[in-house]
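Let me begin by presenting the structure, written as structure tokens, before commenting on it.
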Amino acid sequence: MNIETNLKVRIIPVIQYHNFQIVKSRSFEDYRTWGNLEMTVDTFNKRRVDELIIIDSSASKNKKPELNTFVLNVLSRNCLMPVSFGGGIQTLKDIEACLKHGCDKVIINTIVLKKPEFLKDAVRCFGSQCIIVSVDYKMDKNNKPILFSHCKYKEHQLDFIEYIKLINSYEAGEV
């Protein structure tokens, strides 16, 4: 018996927005406007997707960590599936605001690279079930993974495997 045949396939689209527009990009550059947030959510509702991920790709890069409550309010008002949000989250209050505005999960990245203990605090305050750590990396010339943040613009010197072990030790809900 093949175990893989018994696993449920989950459909989890990712909506990326940049400067308050839904966009598609190539390597976090060359942004093209893709659609309207409410119409996109409606389409995914009709397709009965399992979960929706929305990423504010300009939040960390532009050093604007303020939470976009307008986007979250639109999502929670119209969305029939669980919502995960990421981009520019720097504090426990940012996570709390996401959860208050309808998110089921929060995605963090840069803050964990800067201050790994933030992940530990987030899990302790809100539970591991709602904390996702996004790990961005690219392969160097020697086929070694290099961690980065700020949409590929800032490399980090942490060892990739050790970083993943650290995230697991702090019990993030998802990586």
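What to note about this one:
- When residue 142 is tested against (1) in a loop (DSSP other than H, G, I, E, B); (2) out of contact with any strand residue (DSSP E or B) (no Cβ under 9 Å at 6 or more places or on another chain); (3) open to solvent by less than 60 Å² (accessible area, probe 1.4 Å), only condition (3) is not met.
- Candidates in the stretch 33-70 are the residues that are of a type in the set (D, E, K, R) and at pLDDT 75 or above; of these, the one that is nearest to residue 102 (Cα to Cα) is 51.
- Picking from residues in the stretch 118-139 that are in contact with a Phe, Trp or Tyr (Cβ under 8 Å, 6 or more places away or on another chain) and over 15 Å from residue 88 (Cα atoms), the one that is surrounded by the fewest Cβ atoms within 10 Å (Cβ to Cβ) is 138.
- Any hit, the stretch 132-145, residues being of a type in the set (Asp, Glu) and touching a residue at least 12 places away in the same chain (Cβ under 8 Å): yes
- Test: residue 85 is part of a strand (DSSP E or B), modelled with pLDDT under 90, open to solvent by less than 30 Å² (accessible area, probe 1.4 Å) and not acidic (Asp, Glu): no
- Qualifying residue in the stretch 149-162 (condition: basic (Lys, Arg), in a strand (DSSP E or B) and open to solvent by less than 50 Å² (accessible area, probe 1.4 Å)): no
The values are calculated or read from the model by the stated rules, or taken from the named source; none is laboratory data. These figures come from a predicted structure and were not determined experimentally. For neighbour counting, all protein chains shown are included, and Cβ atoms are generated from backbone atoms with ideal geometry for every residue, glycine included. Side chains included, ligands, DNA and RNA excluded: accessible areas come from the protein's heavy atoms. Shrake-Rupley method; radii C 1.70, N 1.55, O 1.52, S 1.80 Å.
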